[in-house]
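Quick one: the structure is below, and I'll ask about it shortly.
The values are calculated or read from the model by the stated rules, or taken from the named source; none is laboratory data. Note that the coordinates shown come from a computational prediction; the quantities given were computed from them, not determined experimentally. Note that we place each Cβ from the backbone using ideal geometry, even for glycine, and neighbour counts take in every protein chain shown.
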Amino acid sequence: MDGYKLVSEVPVRFSDTDGLGHVNNANYLSFLEVARIAYLRRVLGLVKIEEFGVILARIEIDYKSPVLHHETLFVGCRVSEIGGASIKMEYRIEAKADERLVAQAKSVMVAFDYKLQRPVRVSEEWRSRMEEFDGIS
């Protein structure tokens with residue numbers, strides 16, 4: 001998974017599939033979430049959910065290949081751009097067995113103060129950690 005330092009392994013559950021045995025499109029959001037949370041934990045050192053301080057503002061997914069219930073996926077996740085309050089992420093989902101491209105996605109998270117109920121600037125500490133981890137400037 002070139003270009004992705006953080007890759008999560010996600011087994012597909014039977015309950016992720018539809019009547020035809022394919023993974024339902026809505027479940028890809030959960031697969032991306034697994035990788036996104038792993039990123040927040042590993043790169044930013046966040047453990048408790050109340051520490052996260054972000055909300056998901058946008059997500060888009062391009063589906064490339066169907067997935068069946070017996071497969072396992074690799075989900076790569078990286079930060080591509082950091083704005084004042086926003087963090088843009090990119091994802092790549094591949095089938096573990098044959099490395100075929102399953103989907104590509106992009107999301108935007110917004111740094112958010114839950115007590116004040118408003119967006120806030122991305123902290124310098126977070127910015128520095130993400131830039132160093134993903135090699136962005």
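Here is a list of conditions, (1) touching a residue at least 24 places away in the same chain (Cβ under 8 Å); (2) more than 12 Å from the chain's Cα centre (by Cα); (3) more than 22 Å from residue 134 (Cα to Cα), and residue 53 meets all of them except one; can you say which number that is?
Only one criterion is unmet by residue 53, namely (3).
Could you give me the residue pairs with C-beta distances under 7 Å whose first residue belongs to region 57-71 and is free of Cβ contacts under 8 Å to residues at least 12 places away in the same chain, whose second residue is among the aliphatic types (A, V, I, L, M) wherever it lies, and which are 6+ apart or on separate chains?
none
Go through 63, 28, 91, 39 for me and flag whichever is among the aromatic types (Phe, Trp, Tyr) and touching a helix residue (DSSP H, G or I) at 6+ places or on another chain (Cβ under 7 Å). Full working, then the answer.
Working: 63 fails: touching a helix residue (DSSP H, G or I) at 6+ places or on another chain (Cβ under 7 Å); 28 fails: touching a helix residue (DSSP H, G or I) at 6+ places or on another chain (Cβ under 7 Å); 39 fails: touching a helix residue (DSSP H, G or I) at 6+ places or on another chain (Cβ under 7 Å).
On inspection, the qualifying residue turns out to be 91.
Quickly run through region 98-117 and pick out the residues that are in contact with a strand residue (DSSP E or B) (Cβ under 7 Å, 6 or more places away or on another chain) and either hydrophobic (A, V, I, L, M, F, W, C) or farther than 16 Å from residue 7 by Cβ (or both).
101, 102, 103, 105, 106, 107, 108, 109, 110, 111, 112
If a residue has to be closer than 18 Å to residue 62 by Cβ and loosely packed, with under 14 Cβ neighbours inside 10 Å to count, how many in region 30-49 make the cut?
1
Looking at (1) surrounded by fewer than 16 Cβ atoms within 10 Å (Cβ to Cβ); (2) in contact (Cβ under 8 Å) with a residue 24 or more places away in the chain, which one does residue 119 not meet, given that it meets all the others?
Residue 119 satisfies all of (1) surrounded by fewer than 16 Cβ atoms within 10 Å (Cβ to Cβ); (2) in contact (Cβ under 8 Å) with a residue 24 or more places away in the chain except (1).
For region 119-130, give me the residue count where each residue is among the charged types (D, E, K, R), touching a strand residue (DSSP E or B) at 6+ places or on another chain (Cβ under 7 Å) and either in a strand (DSSP E or B) or within 23 Å of residue 7 (Cα to Cα) (or both).
Residues meeting the conditions: 1.
Considering only residues that are within 18 Å of residue 30 (Cβ to Cβ), in contact (Cβ under 8 Å) with a residue 60 or more places away in the chain and surrounded by fewer than 20 Cβ atoms within 10 Å (Cβ to Cβ), which ones fall in region 85-116?
Passing the criteria: only 96.
Now a separate question. So which of 86, 80, 30 ends up being more than 20 Å from residue 132 (Cβ to Cβ), among the small types (Gly, Ala, Ser) and at pLDDT 95 or above?
Values: 86 fails: more than 20 Å from residue 132 (Cβ to Cβ); 80 fails: more than 20 Å from residue 132 (Cβ to Cβ).
None of the other options fit; the residue is 30.
Still on this structure: Pick from region 1-12 the residues that are under 20 Å from residue 78 (Cβ atoms) and of a type outside the set (Val, Ile, Thr): which of them is surrounded by the most Cβ atoms within 10 Å (Cβ to Cβ)? Let's see the steps before the verdict.
So the first thing to find is which residues in region 1-12 are under 20 Å from residue 78 (Cβ atoms), and the list is 1-10.
Next, only the ones that are of a type outside the set (Val, Ile, Thr) stay: 1-6, 8-9.
Values: 1: 15, 2: 5, 3: 10, 4: 18, 5: 14, 6: 19, 8: 22, 9: 12.
Step by step, filter region 1-12, then rank; the result is 8.
Please verify whether residue 15 is among the hydroxyl-bearing types (Ser, Thr, Tyr), loosely packed, with under 14 Cβ neighbours inside 10 Å and more than 14 Å from the chain's Cα centre (by Cα), treating the condition exactly as stated.
yes
Can you report the number of residues in region 5-15 which are assigned to a strand (DSSP E or B) and of a type in the set (Ser, Thr, Tyr)?
1
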